[in-house]
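The values are calculated or read from the model by the stated rules, or taken from the named source; none is laboratory data. Since the model is a prediction, treat every value here as computed from it, not as a measurement. All Cβ positions, glycine included, derive from the backbone under ideal geometry; neighbour counts span all protein chains shown.
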Amino acid sequence: MTTLVRIWLEAAHHTTFRIGGWAFVRLDAGEVSGAAGGARRIDLERTSLAALAAALAGLPQGAIVELQTSSPLLLAIPGRIAAAEAGDNPPTDHLDLWAQAATALHRVRLVSRFAEPAPGTPTAFAAAWADFARDRAKNKGAFTAAIPKPNLAKAGV
């Protein structure tokens, strides 16, 4: 049986301070989970790749994944990986995370959709947590943590 997984994923970045944060909410077989993370001295591309790799981590082989995000960069990553594998414009930076994202994408069937971060939606919830993660990374440094269940109850899923 093929598993359908819905993921709302957002990334936040502050160019001046070079800090990034990301967060996702995942609905898998009726279970809601989520995580957030961030780091210092990071650019938006690396933040976005880390976000995608984290969101897809641990999914079963062949899972159908519906990814919703308001980020054009996150939406473009699967196409960029496909183009690079075809020999067109391969990435030159962040090769470790490009490899992680490519490996994760090969395990699943991904459908990406643009999602407006309207209030009360899982997209807005993930965006708020991505902002929080960015700010926490500024003060505390690199981290990854699960979003607490009581908070996930407010995700709008």
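Yes or no: Leu67 outside any helix (DSSP H, G or I), surrounded by 14 or more Cβ atoms within 10 Å (Cβ to Cβ), at pLDDT below 95 and touching a Lys or Arg at 6+ places or on another chain (Cβ under 9 Å)? No. Pairs meeting the criteria (first residue in the stretch 53-82 and touching a residue at least 24 places away in the same chain (Cβ under 8 Å), second residue among the basic types (Lys, Arg) and crowded, with 22+ Cβ neighbours inside 10 Å, beta carbons under 7 Å, at least 6 apart or on different chains) are Ala55/Arg26. Of everything in the stretch 52-76, what is touching a helix residue (DSSP H, G or I) at 6+ places or on another chain (Cβ under 7 Å) and within 19 Å of Gly37 (Cα to Cα)? Give them in sequence order. Passing the criteria: Leu52, Ala53, Leu56, Ala57, Leu59, Gln68, Thr69, Ser70, Ser71, Leu73, Leu74. Among the criteria (1) touching a Pro at 6+ places or on another chain (Cβ under 9 Å); (2) surrounded by 16 or more Cβ atoms within 10 Å (Cβ to Cβ); (3) touching a residue at least 24 places away in the same chain (Cβ under 8 Å), the one Thr3 does not fulfil is (2).
It is to be established whether one or more residues within the stretch 49-56 are more than 20 Å from Ala115 (Cβ to Cβ), surrounded by 15 or more Cβ atoms within 10 Å (Cβ to Cβ) and either in contact with a strand residue (DSSP E or B) (Cβ under 8 Å, 6 or more places away or on another chain) or among the hydrophobic types (A, V, I, L, M, F, W, C) (or both). No, every residue in the stretch 49-56 fails to be more than 20 Å from Ala115 (Cβ to Cβ), surrounded by 15 or more Cβ atoms within 10 Å (Cβ to Cβ) and either in contact with a strand residue (DSSP E or B) (Cβ under 8 Å, 6 or more places away or on another chain) or among the hydrophobic types (A, V, I, L, M, F, W, C) (or both). Restricted to the stretch 80-157, the set of helices (runs of 4 or more DSSP H) holding at least 2 residues that are among the small types (Gly, Ala, Ser) and either under 15 Å from the mean Cα position of the chain (by Cα) or surrounded by 12 or more Cβ atoms within 10 Å (Cβ to Cβ) (or both) comprises 95-107, 122-140. For beta carbons closer than 7 Å, sequence separation of 6+ or different chains, a first residue in the stretch 96-119 that is farther than 15 Å from Glu66 by Cβ and touching a residue at least 40 places away in the same chain (Cβ under 8 Å) and a second that is among the charged types (D, E, K, R) and part of a helix (DSSP H, G or I), the qualifying pairs are Leu97/Arg46. For Ser48, the conditions (1) within 12 Å of the chain's Cα centre (by Cα); (2) without any contact (Cβ under 8 Å) to a residue 40 or more places away in the chain; (3) more than 15 Å from Ala133 (Cα to Cα) are fulfilled apart from (3).
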